Amino acid sequence: MPAWGLLAGMVLSAGCAWQRYEPAALDREHVAQTSARQGLADADLGARMTQLGAVSAWPPAAWTPMQLGLVAALRSPAVRDARALVGSARAGRAVAARRANPNVALALEHHGDKDGDQAGHWSVGPSIEFSLSPQSRRRIAVALAGVAVVAARVEVLERAWQARDAGLVAALDVLEQRNLASLAAGEEAARAAVVASARAEVAAGVDYAFEWQTLELEANDARLARLDLRRAQSRAEAALAQSLMVTTDALDGLTLSATPAAGSLDYAALQAHALNEHPRVLRALADYDQAEHALAMAVAEQYPELRLSPGYFFDQGDNVWSLVGGVVVPLFASHDATIRQASVARDAAREYFHAVQATTLAELRAAWAEWQAALANDEATHAVARDIEASVAALHARERDGLVDKLVVARARLQQAQLASHLAASAASTRRARAALEMTARAPLDDAPFARYLNELHAEDERLEQTRP
């Protein structure tokens, strides 16, 4: 009777731990429906942007590329996916931290021969089998699972940067294309005035028709170039809508404005940040930590573990207890090859970390050089602009004195319009170069709201770590 009571207790205790499987169906229309409803004036987006200090009024009268980059990060499904993977990694670490569950078995035996003092051919009883491994193995397993959590958290930061970069670059492209399209309209009007002046001089017999016809052909080339600008603007707006998870119709009436750079930059500080805080470098560091712990595990597995299997049998009125145990050790030194392989893998992880740092450093130097070149080109463009403006002013003065004909003055005005397009393109190139430097270093130089967003992601993960299971 005691054996059956023990058996009933085992069944009841096991039943208390059972969980039911509940399937969860996917909503295949969720993404399409959400994207169709989203806009750039949504109240929840405004609350988040205001909380991060990205806007002072909602919706803003004019958007900056950095604000749109932050919107792209906030709405990125890739960021949400990465954050879900952090939770999965944390659950895996909780599993690694558990002690090994013992195996419980219920044995039922049938005896062909029955002794005279036995009541039947059957005996029954439970047994438990468990292993006692060195404590260091569980600590190393937890550390390995912890590395997976760190890697998942780094992936969240990298995906936030990628989403923000896509939105920022697309917004900068849209801003540039819109500015160039507006200036191209003024340039086309100035070119039309040049053609009209040339035609008037030909009609007056002052000039040959060749001059006027050549200018007509140049005007046609400019009209074709404007078509290319429109196509480029359409592509840029499509890319912006994609990064913001909205339809292109949501960009109708969107006003963009550029904000000046916050100030000068320190290359040494950028380099230190990139070599220590870049998500790519942090991921390589996590890979090295994983290889380090894998080697520690390979070394720990060469030590023996203790296995025990106590059991109880109720055998025809007899209570039979047993204890079977032993020390489990490898018969051969097979762990030597495993340790050697783990050691080589750690060395490879070290070289990979150095390679990632070298690549990051090379990319940062190239981005810095491109930014310096953009600054120098912008300064040279403004110097040329000052010379051209002075020359045009002199032509106007000579025109008032009757020393310059109208065609020359019209050409000067066309040159001024072309100069405006060059200045706009130079400014856009400088903005893109500075943004590329920021993206390469993974340092939010002029974007305090995005920096706060990244800090919030990190702080939230820290709170989860403090309450980890």
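The values are calculated or read from the model by the stated rules, or taken from the named source; none is laboratory data. Quick caveat, the model's predicted, so the values are computed rather than measured. Neighbour counts run over all protein chains shown; Cβ positions are idealised from the backbone, glycine included.
For (1) of a type outside the set (D, E, K, R); (2) in contact with a helix residue (DSSP H, G or I) (Cβ under 6 Å, 6 or more places away or on another chain); (3) at pLDDT 85 or above; (4) in a helix (DSSP H, G or I), each residue gets a yes or a no:
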position: 358; (1), (2), (3), (4): yes, no, yes, yes
position: 365; (1), (2), (3), (4): no, no, yes, yes
position: 374; (1), (2), (3), (4): yes, yes, yes, yes
position: 379; (1), (2), (3), (4): no, no, yes, yes
position: 387; (1), (2), (3), (4): no, no, yes, yes
position: 409; (1), (2), (3), (4): yes, yes, no, yes
position: 445; (1), (2), (3), (4): yes, yes, yes, no
position: 449; (1), (2), (3), (4): yes, yes, yes, yes
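May I ask you to list the residues in region 35-71 that are small (Gly, Ala, Ser), in contact (Cβ under 8 Å) with a residue 40 or more places away in the chain and under 13 Å from residue 449 (Cβ atoms)?
53, 54, 69
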> Name the pairs: first residue in region 162-173 and buried (at least 23 other Cβ atoms within 10 Å of the Cβ), second residue among the hydroxyl-bearing types (Ser, Thr, Tyr) and not in a helix (DSSP H, G or I), Cβ to Cβ under 6 Å, at least 6 apart or on different chains?
Replying inline: 163/76
> Tell me, which residue of region 190-206 that is crowded, with 16+ Cβ neighbours inside 10 Å, small (Gly, Ala, Ser) and under 18 Å from residue 223 (Cα atoms) is modelled with the lowest pLDDT?
Replying inline: 193
>> Please verify whether residue 332 is modelled with pLDDT under 95, in a loop (DSSP other than H, G, I, E, B) and hydrophobic (A, V, I, L, M, F, W, C), treating the condition exactly as stated.
In response: yes
> Quick one: in region 18-68, which of the residues that are of a type in the set (Phe, Trp, Tyr) and in a loop (DSSP other than H, G, I, E, B) is farthest from the chain's Cα centre (by Cα)?
Replying inline: 18
